[in-house]
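Please read the structure below before turning to the comments.
The values are calculated or read from the model by the stated rules, or taken from the named source; none is laboratory data. Keep in mind that what you see is a predicted model, and the values were worked out from it rather than measured. Here the Cβ positions follow ideal geometry from the backbone for every residue, glycine too, while neighbour counts run over all protein chains shown.
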There are 2 protein chains.
Amino acid sequence: MKIIVLGGDGFCGWPTALHLSNQDHEIVIVDNLSRRKIDVELGVSSLTPIVPLPQRLAAWKEITGRDIRFVNLDVGKDYDRLLALLHQVKPDAIVHFAEQRAAPYSMKSSWHKRYTVDNNINATNCLLAAIVESGQDIHVVHLGTMGVYGYGTTGAPIPEGYLTVHVTTGEGKLEPREILHPTSPGSIYHMTKVMDQTLFAYYNKNDRLRVTDLHQGIVWGTNTSETKRDERLVNRFDYDGDYGTVLNRFLMQAAIGHPLTVHGTGGQTRAFIHIRDTARCVELAATNPPEKGERVRIFNQMTETHRVADLAQMISKMAGVPVSHLDNPRNEAVENELQVHNDCLLDLGLKPTKLESGLMDEVIDVAKRYADRCDRSKIPATSRWVQKPSA
Amino acid sequence: MKIIVLGGDGFCGWPTALHLSNQDHEIVIVDNLSRRKIDVELGVSSLTPIVPLPQRLAAWKEITGRDIRFVNLDVGKDYDRLLALLHQVKPDAIVHFAEQRAAPYSMKSSWHKRYTVDNNINATNCLLAAIVESGQDIHVVHLGTMGVYGYGTTGAPIPEGYLTVHVTTGEGKLEPREILHPTSPGSIYHMTKVMDQTLFAYYNKNDRLRVTDLHQGIVWGTNTSETKRDERLVNRFDYDGDYGTVLNRFLMQAAIGHPLTVHGTGGQTRAFIHIRDTARCVELAATNPPEKGERVRIFNQMTETHRVADLAQMISKMAGVPVSHLDNPRNEAVENELQVHNDCLLDLGLKPTKLESGLMDEVIDVAKRYADRCDRSKIPATSRWVQKPSA
C-alpha cells in the first residue's frame, strides 16, 4: 500500500513509519517538525539522542535499502501543497498523527490552549477537506485517545466508540440506540480529540469518507525492532513534565535514583500500550479498512490497565527508589475504575507486549543507558489545569 | 448590565444590540465586518439598504441619546486586543454571534469549509480562553442552532440540550443518565456549533465558566421595534441562495412574483423564530445567568415548527405565486417529524411572535417595499453538499 504518515517524525509517527516501511508499504512522511521546535521552546531534549529526520531516513535507506520520502509542510496551514501531494502520491491510506499531543503542554497558558485547538482542529479539517476535494477514496487512520471517554460513567467496560443506550420514544417506550460514547475530556488536548470525532462523523456521513479512529491509551516504551537496528534510528524518549508520559517518567526517575513523582493519590486507573504495539495496531488498522459507507470505525488501542500508584510501587520495588506524592495539577476525580474493551485489534491479530515482560528492558536499555543526558530540572510538571487566583 | 455583543453588526447581532441598549444595558459591539465583506465576495446586497455601522450607531445616538461603542476586531485572530477589551470593559455578559452562520456558504467549496471551521472554532475558543485569562466571571450567551440535534432520532420531543438515556451498568442494570443530546449536524456550519458545545462543556467543567447556549431555529422577519425607528437602523434582509433563510426567501420571491423554490419534497419540518424574539430571548438569557458551577444551560430558541412545503403553500395562496420543486442540494432525509421543547424561554416570559400574525406585514413592509433592489440572478441556491463526480 501507499501510505502517507502525517506527523511521521514524532514519538508515535516515527516508529510507525518505519514499521510500515518494513512491511513493504510505500511511505511518505509529512511533518512540520513542530515537536522538535517545541523541544527548543521548552529547553528540553529527548533522553535518546535523536538525529535530524533526513539523517534518520538516510540511515534507514542504508540499512534496509528502503526509501521513505519526507515532505515538510503544515497540514493545517499549507492546504494547497497538501492537496497537490494527494494528487501526486494517490495514497491508499493516510495515518494522521499531526496533532499537538501533550495534555500538560495544552494547559500551560492561554497561548498553548489556542495553539493546540488551532493546530489540531485545522489539521484534521484540512486533511478531510483535501481528501474530499481530491476525489480519491483514501482511508484515514487517526490517533485518538482513550481520554475522549468520560471515564467511569457507568461502571461498565468502555466499548469501542459506540455505546448502546435506551431512549424513550414518542410513544413512551424504551428503545435501544447506538450512540457515540458520551465524552468528558480532561484537558484542552483531549478536547481536540473529541472535536476530531465530530469532524470524522460529519465527513463520514456527508462524503462517505472511510475513517478508523484509534482511541489510544498512554504509550510507554521507546523502541521497536525497527528503531533498534541503528542508533540513528532511535525513537525519542520524553521525561519532562509536559511531554513525558507517566510510565516513561517513572522509568527515567528510577534510572537516575530520583523519587517517583505521583500526582495526587495515584488512584487514577489508566490504559497503557507499548510503542511497539502502537505501530502494529496502526498497520492492522491501515490494512483492514472499513467498507465504503461504513460508519467511522473506532478501536480502543490499549492492552492493559493499571492504577498509577500501583505502577509506581512496582517500579519503586524494582529500582529501589521511593515514591513521592505531589499535588495533582489536573482537575480530575481522585480515584476511578476503568475497564476497557479492546477486542477489535486483538481479533485482527495483535499480540500485546505486556508491562511485566518489558519494563526492566526499558529501564536498562534506554533510561540507564542515556541517564547522563537527563536534565533533572525538567522533571517536575509545571502546567496547572486551573489558574491560581491572583494575589 | 455591561454587555459585549460579538458580531453585533450582523443579522441577529444588530437588532439584539439595539434591543439590549434600549433596555438600558451598556453595549459594546465587536465585529470584524466579515458579513459585509462576504456580500462583496458573493456580489449580493441586503434587500434592505443597510448603512455602514458607524452611521447606524450615530442614528441610534441621535434618536435615543444612547451610546453604543464599536470595536473592529476579529475574535478568533486578535486575541490580545480581545483580552485588553475584557480588562477595560469588565462586562457582565458577552453575547457571541461572531460565527459564519450560513450552511450553504459553508459548503460552497473546500475553502469555505476551512474558513468556517477556522473562523468559528477559533472565535469560540479564543473567547473562552480570554475570559479564563482575564480572571473575570463573565457569562457567555451563545447562539447555537437546532441543527446540532440529530433530528427525529427517537420520535420524542427534542429536550433542551440534555437527554435522559438508560445505560447498562457494570452489574447489568439499566440506570438513567442525563447526557448531552446526541448530535448529527447537517453541514460544516452546523458541525462547528456541535464543536462549540464541546468547547463550552469543557471550559464549564474545568474553569467553571457560566455559559448559556441558545439552540435557535430558523430566523424569519427583518425588523424589531428598535430597527423600525429610523431607516438608517434597518436590519439586513438576505434572499440569496447562501444567506437567505428559507422563509425570508419565500417572502422575497412572493413579493416579486417569482415561483417559491422548494428543494426536494419540502417534507422537512423545521423550527422557526421571528428576529424580534431572537433579540428578546438573548436578553432573557443574559439577564438570567446560570449559577457559578452550574452546567452549561441550553435553551431551544424557537417558537413553532412547520413543514417547509406547508409554508410554501401558505405563502403561495397569500401571494398568488406558484411553488417550484427543485433538486435538494443537501444530503438529508427527505421527510422528518420534529417536536421541540421550548419551556425554558417561555418560563422566563417570552411571548412569541407567530407566523400567522406577522407574515403579511413582512411581505408588505419589507419584501414589496424594497423589491426593486432584488437581483433575481442571486435567488438560486448553488452550493451542493456532495461534490458531483468529475466527468
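Summary of computed values
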item: Residue that is farthest from A:Arg330 (Cα to Cα) [pool: residues in segment A:259-307 that are in contact with a strand residue (DSSP E or B) (Cβ under 6 Å, 6 or more places away or on another chain) and among the charged types (D, E, K, R)]; result: A:Arg297
item: Segment B:276-304, residues that are of a type in the set (Val, Ile, Thr) and within 16 Å of the chain's Cα centre (by Cα); result: B:Thr278, B:Val282, B:Ile298, B:Thr303
item: Within segment B:175-226, tally of residues that are touching a residue at least 40 places away in the same chain (Cβ under 8 Å), more than 27 Å from A:Arg114 (Cα to Cα) and not polar (S, T, N, Q); result: 6
item: Condition met for B:Arg177 (charged (D, E, K, R), farther than 28 Å from B:Ala59 by Cβ and touching a Pro at 6+ places or on another chain (Cβ under 6 Å)); result: no
item: The one condition in (1) without any contact (Cβ under 8 Å) to a residue 12 or more places away in the chain; (2) surrounded by fewer than 19 Cβ atoms within 10 Å (Cβ to Cβ); (3) of a type outside the set (A, V, I, L, M, F, W, C) that A:Gly155 fails to fulfil; result: (1)
item: Total residues in segment A:319-344, condition among the β-branched types (Val, Ile, Thr) and under 18 Å from A:Pro157 (Cβ atoms); result: 1
item: Failed condition for A:Arg280, given (1) within 14 Å of another protein chain (Cβ to nearest Cβ); (2) out of contact with any Ser or Thr (no Cβ under 7 Å at 6 or more places or on another chain); result: (1)
item: Matching option when the condition is at the interface with chain A (Cβ under 9 Å from one of its Cβ atoms) and either surrounded by 23 or more Cβ atoms within 10 Å (Cβ to Cβ) or at pLDDT 95 or above (or both), among B:Ala102, B:Ala130; result: B:Ala130
item: B:Leu311 vs. criteria away from chain A (no Cβ under 14 Å) and either surrounded by fewer than 18 Cβ atoms within 10 Å (Cβ to Cβ) or acidic (Asp, Glu) (or both); result: no
item: Among the residues listed as B:Asn125, B:Asn120, the single one being at the interface with chain A (Cβ under 7 Å from one of its Cβ atoms), buried (at least 16 other Cβ atoms within 10 Å of the Cβ) and more than 30 Å from A:Gln339 (Cα to Cα); result: B:Asn125
item: Scope segment A:297-355; condition assigned to a strand (DSSP E or B), out of contact with any Cys (no Cβ under 9 Å at 6 or more places or on another chain) and of a type in the set (D, E, K, R); matching residues; result: A:Glu304, A:Arg307
